[in-house]
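What follows is one structure encoded as structure tokens, with my remarks underneath.
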Amino acid sequence: QVRLVESGGGSVQAGGSLRLSCVASTDSYSGSCMGWFRQAPGKEREGVASTRISLTYYADTVKGRFTISRDNARNTLYLQMNDLKPEDTGMYYCAARYGGCSFDWDSPRKYTSWGQGTQVTVSS
């Protein structure tokens with residue numbers, strides 16, 4: 001029943017930055033695993049980053065460029081994306097699940113709530 005609403009997507013040139021936000025309707029996922037996924041046309045959905053409390057997880061392709069964070073007081077999850085590349089283009093989804101992220105932090109089927117998605121387009 002938890003609703004996730006995303007914002008912050010857009011079109012930028014390579015090397016630019018974007019900050020995505022995801023607001024949860026309740027605090028049900030406080031202390032639980034939340035993350036970001038992305039999907040390009042013709043490709044499977046892949047995990048970008050996830051976090052639980054102070055722990056963070058990143059895909060190798062975005063490590064050092066993206067930063068995931070959250071503000072529990074506002075029930076909001078963020079994804080700061082710097083030095084964007086054309087291969088970062090895709091639909092970005094916010095997701096949440098109860099419990100920890102563990103070793104399956106990047107498995108879509110483990111998450112129970114999803115946002116509607118926000119488009120990110122990076123031009124060369």
**Asked** In whole Hz, what ³J(HN,Hα) sequence does the stretch 94-110 give by Karplus (6.51, -1.76, 1.60; θ = phi - 60°), x for Gly and Pro?
**Response** 8, 9, 9, 8, 7, x, x, 7, 6, 7, 9, 4, 9, 9, x, 5, 7
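With a probe of 1.4 Å, find how much accessible area the chain has per residue, and write the answer as a whole number in Å². Don't jump to the answer; show the numbers that get you there.
Working: 6490 Å² over 124 residues.
With the other protein chains kept in place, the chain gives 52 Å² per residue.
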**log₁₀ of I(q)/I(0) at q = 0.11 Å⁻¹ - the chain, Debye sum with one point per alpha carbon** = -0.32
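The values are calculated or read from the model by the stated rules, or taken from the named source; none is laboratory data. Every value quoted in this text rests on a predicted model; they were computed, and no experiment measured them. Surface accessibility is based on the protein's heavy atoms, side chains included, excluding ligands, DNA and RNA. Shrake-Rupley method; radii C 1.70, N 1.55, O 1.52, S 1.80 Å.
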